Amino acid sequence: MNLYQSDKIRFIAGFVFIIIIYSVFYIFFLENSNLIMSSKLRHIIKFAATIAVYLVGTYHLGKLEDSWMSFLWHIIHVSGLCIITALGLFDWFISSISLHLRLFANSIQELLISPLLYLAMGLLNKSLKKNHQKA
């Protein structure tokens, strides 16, 4: 049984799931000023949200006919996850990281969970398909 009728529906479903994860993460976690927790738990929640977006994107982009989108998705997320994991482990086990490194890690994590990366890949794919069909 085919869950989606077309690549377009699959792409839109992935986009909606990523928006939901992103919104829940920001509303209930980052923007909640009453939330008091340890830095380790905060790291785990951020990492879990990033992994969830990665898995949704992998599932929805991995089934498309253009395999380069899936490859690009993997390269961007795996490299970003390696950077923030290394910084998180350093923060946990060796010493606190500086404010600049913490902001850098937050920027990378924001890029990885943002629906804009997923959307940009879809728009790039659509424009390249149009150019390929014209030629």
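Bear in mind these aren't lab numbers, they're just calculated from the coordinates by the rules spelled out. Remember, it's a predicted structure, so these values are computed and weren't measured experimentally. Methodologically, a virtual Cβ is constructed for each residue, glycine included, from the backbone with ideal geometry; neighbour enumeration extends over all protein chains shown.
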*asked:* Can you tell me which residue is nearest to the chain's Cα centre (by Cα) among those in region 28-60 that are β-branched (Val, Ile, Thr) and over 17 Å from LEU111 (Cα atoms)?
replied: ILE44
*Residues of region 31-51 satisfying the condition of being free of Cβ contacts under 8 Å to residues at least 40 places away in the same chain and in a helix (DSSP H, G or I)*: LEU41, ARG42, ILE44, ILE45, ALA48, ILE51
_Which residue is surrounded by the fewest Cβ atoms within 10 Å (Cβ to Cβ), if the candidates are limited to region 65-104 and must be part of a helix (DSSP H, G or I) and charged (D, E, K, R)?_
ARG102
*Considering each of PHE11, PHE28 in turn, give the residue that is assigned to a helix (DSSP H, G or I) and either surrounded by 14 or more Cβ atoms within 10 Å (Cβ to Cβ) or of a type in the set (Asp, Glu) (or both).*
PHE11
